[in-house]
Amino acid sequence: MVSAHGGDVVLVHDAFHAPDQLFEDIVSDTPWRQEEITVFGRKHPMPRQTYWMGEVPYSYSGLTNPPEGVSDPVAKVWHHVERLCQTTFNGVLLNLYRDGRDSMGWHADDEKSLGPQPIIASVNLGAERRLRFKRRSKTPGESIPVDLPHGSVLVMRGDTQRNWLHCVPKTAKIVGPRVNLTFRLVDVEP
Ligand SMILES: O=C(O)CCC(=O)C(=O)O
Ligand SMILES: [Mn+2]
């Protein structure tokens, strides 16, 4: 999909048998956290709710998430996604976008703990939202939109995080809640 300029991204549609049930169960079984972010020295609530599940802690954007148990519906998604990607993960970051005002800013999943060429499987349940990719180069050009439908999995591999940034902008459209789960393999230094 985004295979140009050192990116390697594939979108798998209709990856689950019962996505509606998974969506409902994950929304209701997750003890969502409302974190704060600091922008220009001022604290704001993060424009989405989050939760980390996995065997290991995970740090990003100055937040450290402790290891937490994996709920049953997330375990189902986990097994399925490992088979789909032919790899293993040891943690998953869950994001709840309550409506079109919730969002995620430009970033790459390039924490050192993910290694130089991480494989990240990003599961989409609930309302469709648009993700954008843009090159990190000085002349990034136009960003590339990717619509993420209910029940799909976006797989990012290779040099994608090194060469590209991604975001989920706010939308003025009326959209319902959406859950996104990004499965990761985190290397924990001793
Ligand atoms: O919500 C999404 O589709 C993207 C999530 C994401 O990029 C992340 O959790 O790092
Ligand atoms: Mn990301």
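A few points about this structure:
- Going from the fewest other Cβ atoms within 10 Å to the most, the residues Ile26, Ile174 appear in the order Ile174, Ile26.
- Residue exposure sequence - Thr139, Thr30, Thr38 - by fewest surrounding Cβ within 10 Å: Thr139, Thr38, Thr30
- Packing rank of 164-172, 179-187, where each peptide gets the mean count of other beta carbons within 10 Å, highest leading: 179-187, 164-172
- Simple label model, 7 Å out from Cα along Cβ direction - Asp159 to Lys173, nm: 3.3
- Net lengthening on full extension, Ser103/Gln117 (0.36 nm per residue, minus Cα-Cα): 2.5 nm
- Residues in segment 166-183 carry Karplus couplings, in order, of 9, 8, 10, x, 5, 9, 7, 5, 7, 10, x, x, 9, 10, 10, 10, 9, 7 Hz; the curve used is 6.51 cos²θ - 1.76 cosθ + 1.60 with θ = phi - 60°, and Gly or Pro positions show x.
- Across the options Ser143, His44, Val10, the greatest Cα extent toward the positive end of the charge dipole of the chain (unit charges at beta carbon of Lys, Arg, Asp, Glu) belongs to Ser143.
- Normalising by residue count, segment 52-190 has a Cα convex hull of 119 Å³ per residue.
- From phi via Karplus (6.51, -1.76, 1.60), per-residue ³J(HN,Hα) for segment 130-147 in Hz, x at Gly/Pro: 9, 9, 10, 10, 9, 5, 7, 5, 5, 10, x, x, 5, 7, 9, x, 9, 7
- Normalised by the number of residues in segment 9-184, the average gap of Cα pairs under 8 Å and 6 or more apart makes the relative contact order 29 percent.
- Nonlocal Lys pairs with alpha-carbon distance under 23 Å, the chain (8 or more apart, or different chains): 5
- Which of Ser71, Ser122 has the fewest Cβ neighbours within 10 Å, and the rest in rising order: Ser71, Ser122
Read-outs throughout are calculated quantities, based only on the coordinates presented, and are distinct from any laboratory measurement. Keep in mind that what you see is a predicted model, and the values were worked out from it rather than measured. All Cβ positions, glycine included, derive from the backbone under ideal geometry; neighbour counts span all protein chains shown.
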